[in-house]
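See structure below.
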Amino acid sequence: MSLSNQRVVGGEELGAADSDTNFYAARLAGVNQDHVVLTTTDIVNANGVILVRKGVRIDSNIAERILRHKLIKPLEEQVAVADGLNGQRLAERFACLHEKYPDLGHLHDRLGSIALCNELSVKSEFHTMLWQKLTVLEHELPSEFEKGLFCAGLAALLARELKLSHQDIQSAFLAGLTHDAGLLHIDPAILNKNGPLTPPEWRAIQSHVITGRMLLDHLPGVSSAAADAVMQHHERCDGTGYPVGTGEDQLGLLGQVVAIADSVQAIRVRQFEKLGRNLYDTLPYLNLNAYTHFYSVFQAMVSVLKRSGLSQTLVDAYGGVATMGLRLQQRGESLQEAVGYLQAMVDSLETSNIRSCGQHVLRSARRVQTMMVSSGLVRIELTTWLGSLAQEPDESVLAELNEIDLMQNELRWQIRNLLRAFGEFYDLECKDDSCGALALHAERLEDCLKAAG
Ligand SMILES: [Fe+2]
């Protein structure tokens, strides 16, 4: 989800997660299997009816009773979870994370930020409700909790790199830790769905940024910068993010710090794990996205990686330089073709009567096209050189081929993301005759993507 950045509808249409259904009750019942979860007060619905008395354990039956009611007070304020996370335990989780991802541990070790993660954990004075959410997140959505840890450490390190105040470093840490905690309030059937999501399901997923912000808002000791960062961690400088799709001048620094940490984590954990690549290998991705986040944030991330003591991983995933060259040439040619269809899509969108979704697709299409052209990946000289490796294999270029492979993968991901956003726009807003041509461009783009697969 961290990489899913398309906005389905205008930000104003995104509300907090389905507020009529209290999915958090089901999460608490899940936690109750290992930690005692007790009501600390009578739980009353909006009509004044007592649903559950004080001192009752939240099991699945009780959760079922609460699930469909609107409560007068948020459920999290009316329960206590026993034996949950605290500062010391959080520090232990960081130690485990750095063992699981040795490159991350190495980076923090080399840059002296193991102690920073430790101090921020042990000295954290989070509100009880925040510890509760983190405990529930770790139990119910362990990979999201792990992602939060990963991002919290990176975000704190980047904030320090940017020479921000200690309070901002703490805020970056907290925002990294909780940025996806809003997912706890989303229907598990949507979160666990295999296959494409419908527009309403996307809206539900995207609402996690709003729910996450609401979680931090008004909690004693939480800065507004941390809450804003959670809200903005899917926003991008060119306005292609969500929930608002606002431009660079409207964004806060910490939101972009968390955003870049979130992207790096996603690539490292989702794409690189099987291939044995490390954090340093995210550099080609970062270079392509130099202006996606604040440029200062990009520079800080690059600087941190370059001083990490890590180095590029050379992966021979295609059976030799000759085969790899041919494969990348073929992909490069499909991407060259895609640039033409992207241009056609931009031209059609510019002359169409488009609304919110269409404007978002137009911005995204321009961004992807610019990224493809400025990267140099679609230059004929490059694809010709790649093809020549079949005749004259040269082992010394494996590093360059790895970099090209990673950058092509990023472009493919960007096109796929654009096409997903286009599909949603097409369903919601495409009503007139000009849409026929647009659909054709999208189909051709899809064909290029398949050929580049
Ligand atoms: Fe997120």
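The values are calculated or read from the model by the stated rules, or taken from the named source; none is laboratory data. Bear in mind the structure is a predicted one, so any value in this text is a computation, not a measurement. All Cβ positions, even for glycine, are placed from backbone atoms using ideal geometry, and neighbour counts span all protein chains on display.
Computed values, structure above
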{"item": "Residue 49 vs. criteria under 30 Å from residue 419 (Cα atoms) and at pLDDT below 95", "result": "no"}
{"item": "From the options 208, 234, 218, residue that is outside the structural domain of residue 429 (by TED's automatic domain parsing) and touching a Pro at 6+ places or on another chain (Cβ under 8 Å)", "result": "234"}
{"item": "Checklist (1) surrounded by fewer than 16 Cβ atoms within 10 Å (Cβ to Cβ); (2) within 16 Å of the ligand (Cβ to nearest atom); (3) aliphatic (A, V, I, L, M) applied to residue 189, failing item", "result": "(2)"}
{"item": "Residues of segment 77-90 satisfying the condition of being surrounded by fewer than 19 Cβ atoms within 10 Å (Cβ to Cβ), in contact (Cβ under 8 Å) with a residue 24 or more places away in the chain and either at positive phi or in a helix (DSSP H, G or I) (or both)", "result": "77, 83, 87, 88"}
{"item": "Hey, residue 125 assigned to a helix (DSSP H, G or I), surrounded by fewer than 24 Cβ atoms within 10 Å (Cβ to Cβ) and either at pLDDT below 95 or within 16 Å of the ligand (Cβ to nearest atom) (or both) or not", "result": "no"}
{"item": "Segment 204-225 - residue that is out of contact with any helix residue (DSSP H, G or I) (no Cβ under 7 Å at 6 or more places or on another chain) and under 17 Å from residue 168 (Cα atoms) and, of those, farthest from the ligand (Cβ to nearest atom)", "result": "220"}
{"item": "Some residue of segment 433-442 being assigned to a helix (DSSP H, G or I), farther than 16 Å from residue 347 by Cα and not aromatic (Phe, Trp, Tyr)", "result": "no"}
{"item": "Answer residue from segment 226-246, given it is in a helix (DSSP H, G or I) and of a type in the set (A, V, I, L, M) and is nearest to the ligand (Cβ to nearest atom) among those", "result": "230"}
{"item": "Residue match in segment 303-316 (condition: closer than 25 Å to residue 383 by Cβ and aliphatic (A, V, I, L, M))", "result": "yes"}
{"item": "Test: residue in segment 416-432 that is of a type in the set (Lys, Arg), outside any helix (DSSP H, G or I) and not assigned by TED's automatic domain parsing to the domain that holds residue 197", "result": "yes"}
